[in-house]
Each structure stands twice: as structure tokens, then as C-alpha cells.
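Report on the following structure.
The values are calculated or read from the model by the stated rules, or taken from the named source; none is laboratory data. Quick caveat, the model's predicted, so the values are computed rather than measured. So basically every Cβ, Gly included, is an ideal-geometry build from the backbone, and we count neighbours across all protein chains shown. The protein model used for the area step is the full one, side chains on, heavy atoms only, and it has no ligands, DNA or RNA in it. Shrake-Rupley method; radii C 1.70, N 1.55, O 1.52, S 1.80 Å.
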Amino acid sequence: MPNLPDLSQLSHAQKDELIRMLWPLQQQVQDLMAQMAVMQDRIKQLEGRLALNSKNSSKPPSTDGLAKPAPKSLRIAGQRPIGGQKGHSGNTLRQSAHIDHIVNHPSAARCPSCQGDWANQEIIDRRQVFELPVLRAQVTEHRLIRSTCTCGSVHDGHWPEGVNAPAQFGPTVRALAVHLNQHQFIPLARTCELMQDVFGLSMSQASLQSFCQQAAFTLKPTVDAIGLAVQSAAIVHADESGIRITSQLNWLHCLVTDKLTWLGHHAKRGRLAFAALGLLAGVRGVLVHDGLAGYKLLFCIHSLCNAHHLRELTFVHEQEHIWDGWAKEMMDLLLQAKAEVATTNAPLSAQRYAWFEAQWEGLLVRGETFCPQHYPEGAPRGTQGRHKQSKAFNLLRRLRVHRDDVWRFATQKDVPFTNNLAEQALRMSKVRQKISGGFRTQHGATTFFTIRSYLATMRKQGACLFECLISTFNGQPTQPQLAW
């Protein structure tokens with residue numbers, strides 16, 4: 001960079017020429033400074049987008065790729081030690097009182113010392129081996145008998161209910177195939193291979209698909225009843241997730257309680273889907289959700305998932321480079337309130353809630369001081385929400401506007417801190433999509449979600465899913481308990 005000339009040695013004409021040369025650069029510098037500010041803001045946004053992962057946002061773990069972030073838990077260290085927890089019964093294999101076969105192991109046929117017969121033999125120890133029998137299908141042949149009387153009349157027998165073809169699979173075979181495919185997520189071809197290898201049954205993929213459709217048709221009234229029962233529950237969890245059907249993005253919706261699960265799909269995510277599925281509008285209790293705009297239009301009591309808030313606060317604390325620690329303190333305050341509610345198994349007292357409320361208000365004010373609303377150069381004031389804002393500002397606005405819904409877990413009994421029940425209900429369907437890549441038809445998706453709703457409900461209620469499917473193919477599916 002050249003040195004500044006000695007201005008005292010310049011003539012007036014030279015100074016005038018220098019001023020005329022530098023004057024236009026003043027505007028260029030201002031323009032470049034404005035462009036640099038825009039670019040710095042853009043770089044910050046892109047860096048924040050690259051830093052998003054399943055630990056600090058709502059992105060699923062499957063999007064983390066090979067560069068998965070190090071495991072990070074929000075639990076307090078030592079709160080739940082590694083290994084079996086106190087009171088855990090365990091699942092150690094124990095000897096059974098029901099014995100199918102006995103094999104005795106004497107030392108020898110006669111006494112090795114004198115070759116005489118044994119005077120007495122007693123059992124000194126027992127060991128049991130649990131083994132499967134030879135797994136081969138049993139074929140039952142039904143024969144229709146025609147009887148002729150001495151009077152000349154002829155009478156034919158009748159086939160029992162369910163025996164409809166010259167050769168067919170029984171309810172147990174169909175139940176096992178559907179269980180493997182629809183609950184264990186073994187693909188069609190591999191399910192058929194397993195049935196052949198283990199049981200010697202040659203089954204086509206088309207047959208397996210027809211079994212699934214038969215089960216879904218039989219279970220539809222039961223699943224409809226589950227949906228109505230969830231709708232009338234005191235606390236309902238709702239969530240949605242993208243799902244691929246016919247290579248197009250659709251949305252899987254769920255409504256769940258701790259004992260019931262209902263799943264359905266629709267091409268839309270928000271209000272249109274809610275109206276078409278016809279259940280959410282009837283919820284009158286507490287609806288726990290993640291804050292999607294469509295939920296807020298429903299006439300019920302709302303409770304927001306704080307797991308989402310903790311993840312977003314983690315992002316603000318780690319990535320926004322705000323030197324004030326208000327985001328971390330907000331996380332600690334929420335977790336402290338959660339721990340107190342869990343300890344007493346009751347809402348916070350009025351005095352204790354007032355203390356938390358005062359602390360929360362102070363943190364909101366601090367956060368808003370460091371993350372004010374942003375207005376682009378020349379934009380009119382007072383148009384909140386019309387200009388792109390930072391993640392920190394948007395989060396603070398949500399936490400302030402919906403403060404009562406954020407703290408619902410601390411003010412109303414049995415309202416959970418998170419929406420984990422709904423997320424768990426969606427997780428297995430996402431696993432199914434990860435294995436098979438999606439659904440080829442709308443009918444196939446409906447079949448899967450119908451069966452999945454029933455099996456998830458029965459699993460929550462402690463039933464044996466295999467026996468439930470057998471009862472389904474016998475035409476009388478085991479019914480869940482709908483009122484709790």
C-alpha cells in the first residue's frame with residue numbers, strides 16, 4: 001500500500017484533483033459496506049443451516065449422515081446410572097415348571113466297583129434346555145361325505161366356516177406372515193423365503209399382500225373406534241411426519257394416548273388434512289403438539305413440546321454466538337421445573353410457579369435485548385413477522401406469545417413435558433420407509449397404517465400381537481380397552 005503523500009507539499013490544484021478522484025469512492029465504500037453486512041448475515045445463516053442436526057433442531061437422526069454429532073444428553077449426570085435400575089425385575093432365563101421331556105443321566109448301568117445293581121438312585125441336580133420343536137406345517141385334510149339312505153335319498157355334508165378352497169393357509173400361518181411383514185418390517189420376498197425355509201410353506205408375495213389386505217379390512221372398524229376413543233381422551237398427543245407414497249410426499253398423522261394409537265395419512269400437512277381425517281376437530285382436552293400453525297386453530301387446550309424448545313435453545317446457545325447465556329439458563333429453568341413436577345407428581349404450587357414465572361420473564365427480556373427484531377434498511381416499522389428474523393428472535397417470540405402452553409406441564413396435572421408419545425408412534429413407520437423406500441400405492445399405505453394402529457395399541461395394552469392377529473383371521477379380532 002503506497003504511503004500517504006505530504007499534503008503540505010501539494011498545491012491547491014493537486015489537492016483539488018485528489019479530492020475529485022476520492023469523492024466518488026466514498027459512495028462505493030458505503031455500498032461495499034452494505035453488501036458486506038448482507039453477505040455476513042447470509043454467511044451466518046448458511047453456517048447455522050450447516051450446523052443443524054438432530055441434537056439442536058427437529059431434524060431426524062437419519063439426516064445426520066456419517067458426520068453424526070457426539071451423543072449429548074439433557075439428563076443430569078448420575079440421575080440414571082448405567083445398567084439395570086432399582087426395582088428392575090430383569091429377564092434372566094429361569095427353569096420352568098412345565099417339562100415336556102425328561103432325560104436321565106446315571107453314572108453307569110451298574111456299580112463300577114462291584115458290578116452290583118444300584119440300591120438307590122436320587123436326583124442331585126437339574127438342568128433345562130429350551131429348544132424349538134421341528135417347525136413344519138401340519139396339513140389337515142377336510143373330506144366332504146355324501147351319504148345315501150336305503151330309501152334312496154342322498155345327503156351331502158357341509159364344509160366348516162373358513163374352509164373355502166381346495167388348498168389354503170390357515171389363520172395361524174396368515175397371522176405369522178402378516179406379523180413378520182407388517183410389524184417386524186421384513187420385506188415381502190424375505191418373508192416368503194422365511195416361511196419356506198422354516199416351515200416348508202411355499203407362499204407367493206401376492207398371497208402375503210392379500211393377507212395384509214384381509215387383516216386391514218377386518219380391523220378397520222376397530223381402528224375407527226380407537227380413533228374416536230383417542231379423540232375423547234383428556235390428554236392427546238398429535239404429530240405429523242413426511243412419508244413417501246407413490247413417489248410423492250405425503251404426511252403421516254398420528255393421534256395417541258399412553259394406551260391408544262391411531263395413524264392416518266393425507267397429501268397435506270395442516271388444516272386440510274385435519275378436516276379430511278376428521279378427528280382433531282373433536283379434541284376438547286389437552287392437545288400436546290410441536291406448535292404447527294394448523295394445531296393452534298383447534299378449539300382445545302394446547303401444550304407445546306418442550307423437547308423441541310430445548311433443542312432450539314441448544315442451537316441458539318452453541319451457534320448464534322450470543323455472549324449472554326440466557327438460552328442456557330432457559331434450558332436449565334425448564335429442566336428444573338420438570339424435575340420438581342416429577343418429584344411431587346403434581347403441578348407446581350402457586351408460589352413456586354410464580355417464582356418460575358418471574359425467572360422466565362427476566363430471561364425473555366434479556367434474550368429480547370440481545371436478539372431484537374431485525375428490520376431491513378428502509379423497511380417500515382410495525383410490520384412484525386413480515387421480515388425474515390433470526391432463529392433466536394423467532395424462538396423468543398414463540399416462548400412469549402405461547403407462554404401458558406409452554407408451561408402447561410407445570411400447571412395442569414398429568415400433562416407431559418414433551419410430545420415423545422407421538423414421536424414414538426411415528427418412528428416405526430419411518431423405519432418401515434427406510435427399509436422399503438416408501439409405499440407404491442395409496443391402498444398399501446392405508447393397509448399398513450390400519451394394521452399398525454391396531455398392533456401399536458395392543459402392544460401398549462400388553463397383549464400378545466401374534467394371538468391378536470390369529471383372532472383377526474378367525475374373524476373376531478381381540479378388542480382393545482377403549483376407556484381408561
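General observations
- Equivalent ellipsoid dimensions for the range 259-315 as semi-axes, Å, which come from the Cα gyration tensor, largest first: 22, 14, 12
- Semi-axis lengths, Å, the range 431-484, gyration tensor of Cα atoms, sqrt of 5 times eigenvalues: 24, 13, 11
- Close amide H partners of residue 265, meaning residues 5 or more places away or on another chain with modelled amide H under 5 Å apart, are 253.
- Burial order of peptide ranges 336-347, 140-151, 280-291 (average beta-carbon count within 10 Å, highest first): 280-291, 336-347, 140-151
- Carbon/sulfur fraction of accessible area - the chain, other protein chains in place, 1.4 Å, %: 55 percent
- Under 18 Å of direct C-alpha separation, and excluding same-chain neighbours fewer than eight residues apart, residue 15 reaches these aspartates and glutamates: 6.
- Rounded to whole Å, the principal axis extents of the Cα atoms in the chain read 140, 77, 57, largest first.
- Long-range tail of P(r) for the range 209-352 (Cα pairs > 27 Å, %): 39 percent
- Highest to lowest packing among 231-244, 195-208, scored as the average C-beta count within 10 Å: 231-244, 195-208
- Across 413/460; 86/338; 268/434; 388/434, pairs whose alpha-carbon gap is larger than 25 Å: 388/434
- For residue 391, the lysines whose Cα comes closer than 22 Å to its Cα, not counting residues fewer than 8 places off in the same chain, are 44, 55, 59, 72, 296, 328.
- Of all DSSP beta bridges confined to the chain, the antiparallel ones make up roughly 70%.
- Translational diffusion of the range 123-229, µm² s⁻¹ [Kirkwood Rh, Cα pairs; Stokes-Einstein; 10 °C; 1.306 mPa s]: 89 µm²/s
- From phi via Karplus (6.51, -1.76, 1.60), per-residue ³J(HN,Hα) for the range 431-438 in Hz, x at Gly/Pro: 5, 4, 5, 5, 6, 9, x, x
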